[in-house]
Amino acid sequence: MARFPFSTWIYNPITDFTPDELILWAEAGLTVPFAPRTYIDKHEPELLIPYLDKAHELGMQLIINYEDFTFQYMKRDGEEKYAENFRKVYECLKGHPALFGFFTGDEPNNRVEFEMCDKCYKVQKSIAPELSPYVNLIGGMAFKTPSQLLDMTLEEWFERIKKLGVDFVSQDAYYPMLDDYSVKDYLIQMKIIIEAAEKAGVDVWTNMLCSAHDVFHAPNEAEVNWQINVAAALGCRGGMWFRFYDRPVGFDYFGSPIDEFGNKTELYYHILRAQRRFRANYGELFMSLKRKSTYMTGYKERNVYPQPSPADHDLVTVRGYEEGVISYFEDEAGKEYICIANSSLEFRASWELVFDPEKCRVAEVYANGNEWRYLYTEKDKSSSEVVMHVGQMRLFRIDRK
C-alpha cells in the first residue's frame, strides 16, 4: 500500500557522507529524501549505487540530485546535451528499486524557466517514464498570471504536465513560520494550488520549514505537527522539509535537524516523532482517500474556506469556535471520513461532532484504519466533543446505519 511520502533537501555533496548516513534519515521517518548532491563533471553515477542499495535496505527511495538535470542547466546546455547527460546517469542507475526520480529544479519563477521546466519533464519522462521528476514551486505560484505561466491558467499548466506523465508537484509553504497574521496567506496559497492540482489529477506535496531562514523561525514541536497535519487536512499528499543540515557558514540559516557541527538538534527529534506518529496512524490511510470538501471554524477573519454548517453533510455537522480545518474525505469504496486539524498556532481547542445515533455511528480511526473506537453518545445526546492540542489532527469514519 502507498504511504504518505516524507522527504528533505540534502545540499551536501556526496563526498561529505558515506551510505551509512541514510540510517540517520530513516530513523527520523524520512521515506523519499534527496540523495547527496552530485555533478556530471565531478561524480560518476556509480558513486550513487551504494546509497541506493542502503536506501533499499532501509525501506526508502531517493531523489537523485544531479544539479545538471535542473531547468537552469536545460537553458544552458539545450535539449540534446541535457538528454545525453541524463541518459548516461539513468542507464547506470535504471531499474534500482530505490530510485524514485531526479531533482528537476527549484522555484521556476518566470516564463523562460517554466518553458525549461517543461522541457526537462519531457526529456526525463521520454527516457525514464517510470520515474518521478521533482520540481519545487515557489510559494507565489498560486498568484502567477497566465503571461508568466506560458499563457495558461494554473489548472491548465497542471493538465499540461500531467499529459507529460508528471503526477505530483511540491510547493513552498513557509508562511506559518513567520507569524499568525501570515497563516491567511498560507491558506489562500494552499486552496488555489490544491484545488487546481486536484482538478488536473496531480498530487501536491507541501515544502515545510525546519530551519530558521530569512524572516522565518525554526519550528517548535507543535509547529512541526501543525505543518504536517494542517497540510494533510487541506489535501496535500506528501511533505518535504527545508532543510536537514546546517552549513558551516550560513548566517541566515540555523536550527536545522543537524547543526553545523554534525549534532542532532531538538528539531531532529521533533520531526522524528511527528513523522513516525503520522505514518503509524494515517500515512497509508490518507493515500487511499480523496478530499471532497474543506471548511474552517474560528473567530479570526481568515475568509478563505467557508464555515461549516448542517448543509455540508446529511448526517454529521462539525461545530467549533477556535481555528480548525475540517475536511470531508472518501475512500474508493465510498466510505466517508472527517478530518479535523487544530490550525491555531496558540491554543488547545475542542470541536463537537453532531449526528443522529439512530442514523449513523462515528468512529475515530487510527493505526491506518486498522483500529477504531466509536464516539460515545447517550440516548438523549447526539454529539461528541473532541479536544486537540496545537497542530494536532484526528480522523473520523462515518458508518451509516
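The values are calculated or read from the model by the stated rules, or taken from the named source; none is laboratory data. This is a predicted model, so every value here is computed, not measured. So basically every Cβ, Gly included, is an ideal-geometry build from the backbone, and we count neighbours across all protein chains shown. Each accessible area value is taken on the protein alone, full model and side chains, heavy atoms only, with ligands, DNA and RNA left out. Shrake-Rupley method; radii C 1.70, N 1.55, O 1.52, S 1.80 Å.
Observations
- Gyration tensor verdict on region 279-346 (Cα atoms; rounded if a/c is under 1.5, prolate if a/b is larger than b/c, oblate otherwise): oblate
- Accessible surface calculations at 1.4 Å, restricted to protein heavy atoms, place the chain at 42 Å² per residue.
- With R₀ set to 51 Å, the beta-carbon distance separating TYR11 from LYS335 gives a calculated FRET efficiency near 0.75.
- Mean residue ellipticity, 222 nm, helices only, the chain: the sum of -39500 (n - 2.57) across DSSP H runs of n ≥ 4, divided by residue count and rounded to 500, is -9000 deg cm²/dmol.
- Taking only protein heavy atoms and a 1.4 Å probe, the accessible area of region 1-156 is 50% carbon and sulfur.
- Global geometry of region 265-389, whether rounded, prolate or oblate, following the gyration tensor of its Cα atoms and the 1.5 cut on a/c: oblate
- The amide H of PHE168, built 1.01 Å from its N in the peptide plane, has ASP203 as neighbours under 5 Å, considering only residues 5 or more places off or on other chains.
- Given charges at Cβ of Lys, Arg, Asp, Glu: region 106-185 dipole, positive-most of SER147, VAL169, ILE127: ILE127
- Kirkwood radius and radius of gyration were both taken over the C-alpha atoms of region 159-308, and their ratio Rg/Rh is 0.99.
- Long-range amide H partners of ILE64 with built H, under 5 Å: ALA35, PHE100, GLY101, PHE102, PHE103
- Taken about its Cα centre, region 1-117 carries a charge dipole of about 240 debye when Lys and Arg each add +1 at the Cβ and Asp and Glu each add -1 at the Cβ.
- Rounded to the nearest whole Hz, the Karplus-based 3J(HN,Hα) values (6.51 cos²θ - 1.76 cosθ + 1.60, θ = phi - 60°) of region 384-389 follow the sequence 9, 9, 10, 10, 9, 7, with x at glycine and proline.
- The chain - share of DSSP beta bridges that are antiparallel (%, nearest 5): 65
- For region 150-172 versus region 1-25, the gap between their alpha-carbon centres in whole angstrom: 27
- Candidate lysines for bridging to LYS94, where Cα separation is under 18 Å - those fewer than 8 sequence places away on the same chain excluded: LYS54, LYS122, LYS125
- Karplus-derived 3J(HN,Hα) values for region 83-99, using 6.51 cos²θ - 1.76 cosθ + 1.60 with θ = phi - 60°, are 5, 4, 5, 5, 4, 4, 6, 4, 4, 6, 9, 4, x, 6, x, 8, 8 Hz; glycine and proline are entered as x.
- Using a Förster distance of 41 Å, the FRET efficiency for VAL354-ASN109 (Cβ separation, nearest 0.05): 0.35
- When the P(r) is computed for region 1-154, the part past 20 Å accounts for 50% of the Cα-Cα pairs.
- Working note: Debye formula, equal point scatterers on the alpha-carbon atoms of region 155-223, no solvent; log10 I(q)/I(0) at q = 0.14, 0.18, 0.21, 0.22 Å⁻¹ is -0.50, -0.72, -0.85, -0.89.
- Shape of region 334-377, Cα gyration tensor, a/c cut at 1.5: oblate
- Springs join every pair of Cα atoms under 10 Å in this Gaussian network model of the chain, and among ASP106, ASP185, ASP214 the largest mean-square fluctuation is at ASP214.
- In the set (i) 210; (ii) 139; (iii) 181, the label that goes with volume of the Cα convex hull per residue in Å³ computed for this structure is (ii).
- Taking every alpha-carbon pair under 8 Å whose residues sit at least 6 apart, region 11-114 reaches a relative contact order of 29 percent.
- When only Cα pairs below 8 angstrom with a gap of at least 6 residues are kept, region 221-377 shows a relative contact order of 20 percent.
- Whole-Hz Karplus values for region 170-182 come out as 10, 9, 5, 9, 9, 3, x, 8, 9, 6, 4, 4, 7 Hz, taken residue by residue from phi with 6.51 cos²θ - 1.76 cosθ + 1.60 and θ = phi - 60°; glycine and proline positions read x.
- Relative protection proxy for 312-323, 3-14, from highest mean packing down: 3-14, 312-323 (other beta-carbon atoms within 10 angstrom).
- Pairs of Cα atoms nearer than 8 Å and 6+ residues apart set the relative contact order; for the chain it is 13 percent.
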